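For reference, the structure discussed in these notes is given below.
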Amino acid sequence: MTIDALKGRIPSGLPKVGGGDAATTPAGAGFSDALGRVVDAVESTESQANTAVSGMLSGTTDVHDAMIALQRADLTLQFSVQIRNKLVQAYNEIMRMPI
Amino acid sequence: MSTLGSAVRAGASALAAERMRIEVAVSNLANAESTRGPDGQPYKRRDVVLQTTTVQDFDDSLGRATAVGVEVAAVVEDQGPARRRFEPSHPDADKDGYVTLPNVDPAEEMVDMLGAARAYQANLTAIGLIRDLVQRALDLGRG
């Protein structure tokens, strides 16, 4: 799966919080970094599921191992969707804040 | 879901072990009448020996793993006495007309197989339960 290709585009839409002084923002504090880490997690479980499924098809992995890997990937994806929802919600909340 | 991850791994190890038990029971059942093996001797009933194992997980390396898995330690041959049946026409019959048959009791193998199948189902249910719990926790984020 090539979710990494998607990851490059996410930060462009979401500027970092904290105004202009990006140098003082700690690493991983921005919305884009948070989203990037979530996408990384999805990517890794997705590749594990891929390995398990191809192992299952070639007869080296058990059925239950493949299904558990798929479930894990599914739950991680659902988790990341929830994180995405919350991040976008928080971002919109801040953008709507009257100054 | 680190703690639940180790529980899922323990369940998965049990699934593999129960599958092995079923495979061995099936091979016993299939060879209930085999009078010749690769060594020329009748088939001997096989048994699976299970042992506990620590599941490899992040929690495990931190020393707070709560789930313990299971693995197949060995598949051993049952050294019980072989069955003998009077059948003089059989090519493997001895001079008295008795054929030495494997020490396999098909009824016993069926019971073993049913037990292993039920244990497999129980572990599947446990893994499904963990999945449902995580799913419900994720539902907290909705709305």
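The values are calculated or read from the model by the stated rules, or taken from the named source; none is laboratory data. Not measured: the values here are computed from a predicted model. So basically every Cβ, Gly included, is an ideal-geometry build from the backbone, and we count neighbours across all protein chains shown. For the accessible areas, the whole protein counts, side chains as well, though only heavy atoms, and no ligand, DNA or RNA atoms are used. Shrake-Rupley method; radii C 1.70, N 1.55, O 1.52, S 1.80 Å.
The condition of being under 12 Å from the mean Cα position of the chain (by Cα), assigned to a helix (DSSP H, G or I), within 14 Å of chain B (Cβ to nearest Cβ) and without any contact (Cβ under 8 Å) to a residue 40 or more places away in the chain holds for only one of A:GLN48, A:GLN78, that being A:GLN78.
Taken over the stretch B:1-43, the residue count meeting the criterion of being touching an Asp or Glu at 6+ places or on another chain (Cβ under 8 Å) and small (Gly, Ala, Ser) is 9.
Which of the residues spanning the stretch B:1-33 are outside any helix (DSSP H, G or I), more than 10 Å from chain A (Cβ to nearest Cβ) and either among the aliphatic types (A, V, I, L, M) or open to solvent by less than 10 Å² (accessible area, probe 1.4 Å) (or both)? Lay out the reasoning, then the answer.
Taking the stretch B:1-33 and keeping what is outside any helix (DSSP H, G or I), we get B:1, B:31-33.
From what is left, the residues that are more than 10 Å from chain A (Cβ to nearest Cβ) are B:31-33.
If the condition is that a residue be outside any helix (DSSP H, G or I), more than 10 Å from chain A (Cβ to nearest Cβ) and either among the aliphatic types (A, V, I, L, M) or open to solvent by less than 10 Å² (accessible area, probe 1.4 Å) (or both), then B:ALA32 is the only one that fits.
If the condition is being surrounded by 12 or more Cβ atoms within 10 Å (Cβ to Cβ) and assigned to a loop (DSSP other than H, G, I, E, B), then the stretch B:66-79 contributes B:THR66, B:ALA67, B:ASP78. When the stretch B:126-136 is limited to residues that are more than 9 Å from every other protein chain (Cβ to nearest Cβ) and more than 24 Å from the chain's Cα centre (by Cα), the one that is least open to solvent (accessible area, probe 1.4 Å) turns out to be B:ASP132.
Within the stretch B:84-125, the set of residues being open to solvent by less than 70 Å² (accessible area, probe 1.4 Å), within 12 Å of chain A (Cβ to nearest Cβ) and either over 23 Å from B:VAL8 (Cα atoms) or not hydroxyl-bearing (Ser, Thr, Tyr) (or both) comprises B:ASN123 only.
I'd like the full set of residues that are open to solvent by 60 Å² or more (accessible area, probe 1.4 Å) and within 12 Å of chain B (Cβ to nearest Cβ), limited to the stretch A:86-96. Result: A:LYS86, A:GLN89.
A count restricted to the stretch A:51-75 and to residues that are part of a helix (DSSP H, G or I), more than 22 Å from B:LEU138 (Cα to Cα) and facing chain B (nearest Cβ under 10 Å) stands at 3.
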